[in-house]
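Report on the following structure.
No value in this document is a laboratory result; all are computed from the given coordinates. Remember, it's a predicted structure, so these values are computed and weren't measured experimentally. Note that we place each Cβ from the backbone using ideal geometry, even for glycine, and neighbour counts take in every protein chain shown.
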């Protein structure tokens, strides 16, 4: 187990808390920055085509007529600008961050996540430990194969425990599932 693994789990005999990172990840910063630069480039190119002036030195505006190419480039620039605003807002609000709390003393599981600002910003799911029937590991083989953990909850179906963008090795996924199943005293199912 590496340092990230130990840092994200807080364990004792009666209480486990798993911290969940949200949108403030390096990959999200990279994509937000890349889309922002792309939108700026498209907007400057479309504007220089409209003004018939070189706002970008390496893109001669005379080679791009405003109608129809300049209009399309401006449209792409405006569209990608809105996408970059959305990405930066998601990062700023840290959407998806929160924790999974398993409390054996109270007999409760609480799953908390932050959403977008508004009246439903706090997303909380609570249920009793007795309702958990098993921990499932779903295995997908192939070039993009992965292992994903679920909790099978009586009367509610299955609940995803592994974030979809978590980059754990198959062994780490299995070790975490075994530890969680041992703590909850439920069986493990592999599908």
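Quick notes on this one:
- Ellipticity estimate at 222 nm from DSSP helix runs (n ≥ 4, -39,500 (n - 2.57)) divided over the chain, nearest 500: -12500 deg cm²/dmol
- Calculated FRET value between residue 139 and residue 27, using beta carbons and R₀ = 22 Å, to 0.05: 0.35
- A compact globular protein would have a Cα radius of gyration near 2.2 N^0.38 Å; the ratio found for the range 28-93 is 1.21.
- Here the label points at residue 75 and residue 179, each 7 Å from Cα along the C-beta direction, are separated by 5.2 nm in the simple model.
- Where labels lie 7 Å past Cα in the beta-carbon direction, separation of residue 160 and residue 85 in nm: 2.8 nm
- Of all beta bridges that DSSP places with both ends in the chain, some 90 percent have antiparallel geometry.
- The simple spin-label model puts a point 7 Å past each Cα toward its Cβ; for residue 51 and residue 97 those points are separated by 3.9 nm.
- Annotation for the range 83-125 versus the range 129-191: alpha-carbon center distance of 20 Å.
- Angle of helix 26-51 to the longest C-alpha principal axis of the chain, folded into 0 to 90 degrees and rounded to 10: 20°.
- On the beta carbon distance between residue 14 and residue 121, with R0 = 30 Å, the FRET formula returns roughly 0.55.
- Gyration tensor (alpha-carbon) shape descriptor, the range 76-163, a/c threshold 1.5: oblate
- The protection proxy used here, the mean number of other Cβ atoms lying within 10 Å of each residue, ranks peptides 37-46, 50-59 as follows, highest first: 37-46, 50-59.
- Compared with the dominant Cα axis of the chain, that is its longest principal axis, helix 170-184 is turned about 40°.
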